[in-house]
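Taken together, the values in this text are just the output of simple stated rules run on the coordinates, not laboratory data. If you're wondering where the values come from, they're calculated on a predicted model, not measured in any experiment. Every residue, glycine among them, receives a Cβ derived from its backbone with ideal geometry; neighbour counts consider all protein chains shown.
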Amino acid sequence: MHNPLHYGRDEKALISNLPFNFVTEAKTVTLSSYKHKERKEIINELTPSAKALAGVKNPPKVGDLAEGIVIANARGRIYIDLPPFGTGVIYGREYLAAREILKKVLIGDSVTAKVIETDSKHGYIELSLKEARQAMLWGDAEAASREHKSFDISVGEANKGGLIMEWQGIQGFLPASQLGANHYPRVEDGDKDKILEELKKLVGQKLTVAIISVLPKEGKLIFSEKALTEKDRAQMVGKYTIGDDMDGAITGAVDFGVFVKIEDGLEGLVHISEMDWALVENPRLRYKTGEKVKVKIIDIKDGKVSLSIKALQPNPWMDAEKRFKKGDTVQGVIIKYNKYGALASIEEGVAGLVHISEFGGDETKLRSSLELGKSYNFTITIFEPKEQRMTLSYKTSN
């Protein structure tokens, strides 16, 4: 084999070092007799059947990955044999970018590089090892996305939208919406500054994530922790049925209820209406994170589990059914106002509505007549304990 360094810039460097013979439809062609450009023209003119018969590949184009054998390594240049198209070279800026890797490359080693120029002024096919590595990494990322592979990656930074992470030297982004239930920032009113403070707590931690979007042109990957947990969640949920009782732990509270961990990777929601038979105003004041609770599964839908705490407690309406009826005069404490009127509790867990129409639709009049925390006499006008429904009249009782 000839050493391309021997030719220098001479035109002979354009000649293939290895004989390459194949049969066209008319004659036998020896490519080693032709210059690089001529060889390309000959190959381009071949019919697909002739190419297939000869085992000839199409000439490399800019952006292609080319594999060949190292035939020389000297003076900041690596020469790679790319038969039948000629010799490739990694030099200059491309050599410097990959010099640490290239120091370990020996003659005879197989190297894959990216074509960045097909007809250089020296007649070589210019190659880039760094760009080839990047191209292969993007290929690996796309494969990982298709195969739903998971990776443990440390969180580098946080912003108001999510987390910044790095995979194989490629920067990626994990939107807050793609965080799993254990890490999702449950913040009142969606305050972005508070969300950022919660996200900052994850910086430095390792999260198990999947690649869900590959954006080579932008040089970014999109990660998801939620995608993995949702897949595992579907399998976990299949183990449970409506009516199951279990022990859990509070993982977070929001305006509309509390989240309870059933097992690692699986949470359920206890809606505020299922927390207690009595009125719950603020779930955050009722339970602390980590507190143990007993829950019952009351619904499973679309992989989501709905839980109840009050379902494991005696239903006070069943007891009230034995002692109250429509027309009774009862004493109740005003516990809440709403757009329909005022709620009055006649005993723990049993409350009725005093409708605003009794005050001519005047909210101010209602609130001045029935003050929060005070007790008044009422008449039961509707009592349906099985539906947990009761209405009270203030007028009738006075």
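Let me know the shape class of the stretch 310-360, please: from the alpha-carbon gyration tensor, a ≥ b ≥ c as square roots of the eigenvalues, rounded when a/c is under 1.5, otherwise prolate if a/b is greater than b/c, or oblate. Oblate, since a/c reaches 1.5 and b/c is not below a/b.
Potential lengthening of the chain between Tyr340 and Ala74 amounts to 87.0 nm, from the contour at 0.36 nm per residue minus the alpha-carbon distance. Charge tally around Glu166: other residues with Cβ under 13 Å, Lys/Arg +1 each, Asp/Glu -1 each, net 0. Computed extension gain for Lys206 through Met318, at 0.36 nm per residue and net of the alpha carbon distance, reaches 35.3 nm.
For Gln331 and Asp299, the FRET efficiency from 1/(1 + (r/R0)^6), where r spans their Cβ atoms and R0 equals 35 Å, is about 0.45. Projecting the alpha carbon convex hull of the stretch 177-322 along each direction and taking the average yields 10.9 nm².
Remark: Lys339, Lys149 ranked as Lys339, Lys149, counting other beta-carbon atoms within 10 Å and listing the fewest first. Once the Cβ-Cβ distance between Lys386 and Gln168 is put in as r, and R0 is 56 Å, what FRET efficiency do you end up with, to the nearest 0.05? Rounded to the nearest 0.05, the efficiency is 0.35.
Taking the stretch 148-230 on its own, what percent of its Cα-Cα pair distances exceed 22 Å?
Within the stretch 148-230, distances greater than 22 Å cover 19 percent of Cα pairs.
Descending by average beta-carbon neighbour count within 10 Å, the peptides 252-261, 306-315 line up as 252-261, 306-315, the highest first.
On average, how much area does the Cα convex hull of the stretch 238-312 cover when viewed from any direction, in nm²?
4.6 nm²
Note on the stretch 281-322: percent of Cα-Cα distances in each 5 Å bin, starting at 0 and stopping at the bin with the largest distance, equals 5, 16, 16, 22, 21, 13, 5, 2. Legend: distances between Cα atoms for Lys339/Lys395; Lys192/Lys226; Lys114/Lys206; Lys192/Lys296; Lys194/Lys310; Lys194/Lys296; pairs beyond 26 Å are Lys114/Lys206; Lys192/Lys296; Lys194/Lys310; Lys194/Lys296.
As a proxy for reagent exposure, His355, His148 were ordered by neighbouring Cβ count within 10 angstrom, fewest first; the result is His148, His355. Computed over the stretch 251-398, the convex hull of the alpha-carbon atoms projects to a mean area of 10.0 nm². Our note on the geometry: Cα centres of the stretch 288-320 and the stretch 148-188, 32 Å apart.
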